1. Kindly list the number of the only condition in (1) over 30 Å from residue 259 (Cα atoms); (2) surrounded by 20 or more Cβ atoms within 10 Å (Cβ to Cβ) that fails for residue 332.
2. When you go through (1) assigned to a loop (DSSP other than H, G, I, E, B); (2) touching a strand residue (DSSP E or B) at 6+ places or on another chain (Cβ under 9 Å) one by one for residue 234, which number turns out not to apply?
3. Where residues in region 237-280 are in a strand (DSSP E or B) and not β-branched (Val, Ile, Thr), which of them is farthest from residue 212 (Cα to Cα)?
4. Residues in region 190-234 that are of a type in the set (Asp, Glu) and within 23 Å of residue 118 (Cβ to Cβ): how many?
5. Only residues that are hydroxyl-bearing (Ser, Thr, Tyr) and assigned to a loop (DSSP other than H, G, I, E, B): list them for region 312-335, please.
6. Name the single residue, out of those in region 318-358 being of a type in the set (A, V, I, L, M, F, W, C) and over 15 Å from residue 287 (Cβ atoms), that is farthest from the chain's Cα centre (by Cα).
7. Name every residue in region 1-26 that is of a type outside the set (Lys, Arg) and closer than 29 Å to residue 235 by Cβ, in order of residue number.
8. Looking at 326, 268, which is the one that is at pLDDT 95 or above and either at negative phi or touching a strand residue (DSSP E or B) at 6+ places or on another chain (Cβ under 8 Å) (or both)?
Amino acid sequence: MATIYPFRALRYNPSFVRLEDVVTQPYDKISPAMQQAYYQRSPYNLVRIILGLPELFDDENNNVYTRAARDFQAWRESGIMAAEYEPALFAYAQRYTVPGSSDVRERRGFIALGQLEDYGRGIVFRHEQTLAKPKSDRLNLLRATRAHFGQIFMLYSDPAHTAERVLFTDSSLPDAMVTDDYGVEHRIWKIDDAPTINLIASSMQDKKLIIADGHHRYETALAYSREHAPAGSTPRPHGVYQEPEYPEAAVMMTFVNMESEGMTILPTHRVVFGLHGFDEERFLVGAREFFTVEKLEQRDPSQLMKLLAKAGVEATAFVAVMRNSTFLLVAREDTVNAALASQPARQRQLDIVRLHSLVLERLLGISPEAIRDQKNLRYLREAAEAIEQVSSGEADVAFLTNPVSLPELRDVAFAGEVMPQKSTDFYPKLLSGLTVYALE
């Protein structure tokens with residue numbers, strides 16, 4: 001049921017820039033330090049468009065969005081970015097070492113346009129809640145630039161591995177290759193012959209899609225598509241088409257087969273700060289109602305994560321890191337299930353739902369609204385950074401977690417349910433700037 005299209009991608013011109021100087025991580029993964037570093041690498045680094053720095057006298061006529069539109073137009077006119085002559089798909093491979101291990105993997109997929117679909121049509125499924133502020137920001141950028149600079153990360157299921165068998169059959173050199181800030185090697189190959197494109201498009205027609213990364217950008221693109229839909233138009237029937245019904249009806253996506261090797265989901269740890277009168281002992285007394293609580297003598301991040309992974313095989317488990325002590329919390333299944341009886345069965349079993357509902361909301365008293373607004377909560381990939389924030393007094397308590405599994409994500413998404421925001425961290429991220437989809 002998924003409809004995909006080749007497109008005339010805009011790409012950085014290697015005659016003018018080095019790719020490693022201009023591509024970036026997705027906008028929501030760019031820290032202030034990375035933003036500054038990207039600015040210094042090149043006057044044509046994509047950060048100037050997707051996450052520009054504000055200036056002192058910004059107003060409605062001169063701001064991050066107007067400057068993004070100005071720079072994008074200038075780069076096109078000067079040839080810094082140039083369009084492909086023919087519509088194409090792009091095979092995309094990422095070779096990486098799993099963080100915290102020596103395990104080397106390669107994730108393979110392909111870049112194409114995907115038709116935007118309302119969730120209610122049962123074709124595209126989300127798995128996380130979204131926030132209003134990021135969507136407003138992305139919509140302002142899209143309206144100003146009329147272009148998509150990063151791909152939505154889409155999962156689909158194909159045990160036959162159709163796309164991989166077609167797209168990764170030879171040892172030809174890639175059209176572009178770059179190593180990112182985390183040592184991940186990204187390679188893309190342009191696929192512009194019609195028979196291959198039609199074969200891939202046909203193979204995707206019976207597929208359902210799950211958004212792995214890019215919920216905010218997908219919903220932004222969907223809202224923008226509705227703004228520009230021709231009067232009286234109805235959703236296009238599924239089939240193999242050369243281009244979208246109108247430019248805004250599609251968005252750039254990277255499609256990855258859930259059955260393929262190379263998939264990695266990392267945990268996203270929760271760091272709680274700014275609580276009034278947080279008391280370690282009072283917290284532990286409350287926690288014992290739902291968890292067995294074991295004091296740990298060590299605080300080494302890698303050892304804690306190994307211990308947590310082992311404990312998590314049989315039950316929900318967290319490591320609670322506080323200023324003066326560290327504890328392993330393992331769920332008391334009967335008590336936890338009874339406390340969450342009003343939640344759907346799938347949700348009740350998820351570690352991250354149990355953490356949010358029982359620990360953050362019930363035991364610590366953080367409201368769902370405060371969680372959505374990140375008033376008392378930070379999300380961190382690195383356990384060491386989470387522990388350091390508690391040790392330094394910057395935070396009250398950190399909860400180290402195991403990652404959500406791919407089957408859990410799939411089942412929740414296809415059931416039409418959502419998990420708390422920042423429930424998954426797919427690694428590595430898709431680079432922004434490898435291809436650009438300009439709407440005009």
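1. The failed condition is (2).
2. (2)
3. Restricting to residues being in a strand (DSSP E or B) and not β-branched (Val, Ile, Thr), the top hit is 270.
4. 4
5. Those that are hydroxyl-bearing (Ser, Thr, Tyr) and assigned to a loop (DSSP other than H, G, I, E, B): 316, 325.
6. 338
7. The answer is 1, 2, 3, 4, 5, 6, 7, 9, 10, 26.
8. Only one candidate qualifies: 326.
The values are calculated or read from the model by the stated rules, or taken from the named source; none is laboratory data. All values reported here derive from a predicted model rather than from experimental measurement. Note: ideal-geometry Cβ built from the backbone for every residue, glycine included; neighbour counts use all protein chains shown.
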